[in-house]
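Only one structure is covered here, and it is reproduced in the block below.
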Amino acid sequence: MKNKISPWSWVPTLYFAEGLPNVLVTGLAAVMYMQMGLSDAELGLYTGWLALPWVVKPLWSPFVDLLKTKRWWVLTMQLLIGAALAGIAFTLPTAMWFQCTMFFLFVMAFASATHDISADGFYMIELDEHNQAKFVGIRNTFYRLAVIFGNGLLVSFAGVLQVLFRNRIAFTWSLIFYGLAGLFIALWLYHGVKMPRPAADVQKDDSVSNVMAGLKTMFVTFFTKFPPRETFVVIMFLLFYRFPEALLNTMTKTFLMRPNSSGGLGLSPQEYGLVNGTVGLIGLLLGGIVGGLLVSRDGMKKWLWPMVWAITLPDIVYVILSYTLNSNVFVVGSLLFVEQFGYGFGFTALTLYMLYYSQGKYKTSHYAICTGISYLGLMLPGMVSGYIKDAVGYQVFFNIVMVTCIITFVVTAFLKIEPEFGKKK
């Protein structure tokens, strides 16, 4: 029987709701905390911890399958995210603002990671293979629109509010998060009406002991898929392919906005939202699209090394900016476009290799483990990046990052990939 509810009425909003809390935790929170007075060392350490739910997500994903329905999990997590956003807004003007907002951000990170699991599962249950393929571009587009909204428009809007309310930082960010809480409550209400109720979306009749046994089998097969030496190479690649990016991730945000006296470019929130959240993200998207098209035509092995060069060498733009301190929006935007295009192109190699390694019976679960290991590789260096930067300054820090690009080349050199993998048949 054909569903009466069109995927157009829920797929775009569902994936906007999936992308937004992720960018709020991993991007917007760093900008807010910087404006609230945290040092770079504190920013790197504390915001790094917020990535933990995405690292350990594979551990509880089987229980999302076991308990309740995917629809129930999606709606419950959206309501929890809305409540966490309201908690941030309410506690920002208080004396315990940092402890309270970190707590609510961690709740939101956990809810967001769980929402990822349930939303993707619901998508696969509700849509047949044809419609899954048909709407994959739509879901990715609206996920990226959420990133532009979070890293671009919201930061710019915060800057406008700070002008209107005479730089009352806590108050303006509180208004932003109250608005986001209202948005998520609206999404929760909307999806409660518009999301279908698939007949296949039912609570599984299984025991916790069986799930635990399956979880053990899943992990054992992941680490025994290849001989020990090759498995070690894979783990090192997943952990360290993005090592330079892991160091840069938070520090580039602070570099763009801190004043010249602190070694930064001194961009306003409006300028930051334009160059990083909009122009940079467009470069990232285009890089990913070009990478996917070239691999589809020629296979991953042919383009692996160009992708390694692309994800590492454009990091030099931050070395250039740290020495020139050129804050011209056109110049900064152009350089960030190049850097993000290279990152998007190079990131294709990691995504495709995770798909390559995950082939087999447990491909969905093994892919989740790959993403967890990759997140860990971002989290740990990111937590110490601020300490390094505070010790040596932006100029030396960005030079150190360029030297660590060697790590990406080393961990890639030992990979074994079938020449035809990724090539369109």
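Between the residues F142, F421, V338, the greatest Cα displacement towards the positive end of the dipole of the chain, with unit charges on the Cβ of Lys, Arg, Asp and Glu, is found for F421. Distance between the modelled labels on K302 and L380, one decimal in nanometres: 3.6 nm (7 Å Cα→Cβ projection). Peptides 327-333, 313-319, 359-365 ordered by packing proxy, namely the average of other Cβ atoms within 10 Å per residue, highest first: 313-319, 327-333, 359-365.
A 1.4 Å probe run over the protein chains yields, for the chain, 44 Å² of accessible area per residue, whole-number rounding. Non-local lysine pairs in the stretch 353-425, meaning eight or more places apart or on different chains, with alpha-carbon distances under 23 Å, amount to 10. Around the Cα centre of the chain, unit charges on the Cβ atoms of Lys, Arg, Asp and Glu (plus for the first two, minus for the last two) sum to a dipole of about 740 debye. The residues neighbouring L43, those whose beta-carbon lies less than 12 Å from its own, together hold a net charge of 0 under the Lys/Arg +1, Asp/Glu -1 convention. A simple count of charges around T254, restricted to other residues whose Cβ falls under 9 Å of its Cβ and scoring Lys, Arg +1 and Asp, Glu -1, yields +2. By the combined test of axial Cα extent (at least 30 Å) and Kyte-Doolittle hydropathy (mean at least -1.0), the qualifying DSSP H helices of the chain come to 70-91, 97-126, 169-194, 329-357, 363-413. The length gained on full extension between K204 and W97, counted as 0.36 nm times the residue separation minus their Cα-Cα distance, comes to 34.4 nm. The distance separating the Cα centre of the stretch 28-64 from that of the stretch 151-229 comes to 13 Å. Our helix-only sum for the chain, with -39,500 (n - 2.57) per DSSP H run of n ≥ 4 divided by its residues, gives a mean residue ellipticity at 222 nm of -25500 deg cm²/dmol. Counting protein heavy atoms only, the chain has 68 percent of its accessible area on carbon and sulfur, 1.4 angstrom probe. Placing +1 on the Cβ of every Lys and Arg and -1 on the Cβ of every Asp and Glu, with nothing else charged, gives the stretch 290-397 a dipole about its Cα centre of roughly 480 debye. Rg of the Cα atoms in the stretch 332-425, relative to 2.2 N^0.38 Å, amounts to 1.34.
Each principal axis of the Cα cloud of the stretch 57-190 was evaluated for its coordinate range; sorted largest first, these ranges are 53, 29, 25 Å.
Each Lys or Arg adds one and each Asp or Glu takes one away; over the other residues whose Cβ falls under 15 Å from the Cβ of W10, this sums to +3. Over all alpha-carbon pairs of the stretch 88-148, lay out the pair-distance distribution in 10 Å bins, whole %, shortest bin first. Per 10 Å bin, starting at zero, the Cα-Cα P(r) for the stretch 88-148 comes out as 19, 32, 26, 16, 7, 0 percent. May I ask you to work out the translational diffusion coefficient for the stretch 305-383 at 10 °C, viscosity 1.306 mPa s, via Stokes-Einstein with Rh from the Kirkwood sum over Cα pairs, reported in whole µm²/s? Translational diffusion coefficient: 109 µm²/s.
The values are calculated or read from the model by the stated rules, or taken from the named source; none is laboratory data. These numbers come from a predicted model, not from an experiment. Neighbour counts are summed over all protein chains in view; Cβ atoms, including those assigned to glycine, are modelled from backbone coordinates with ideal geometry. Ligands, DNA and RNA are excluded from the accessible area calculation, which covers all protein heavy atoms including side chains. Shrake-Rupley method; radii C 1.70, N 1.55, O 1.52, S 1.80 Å.
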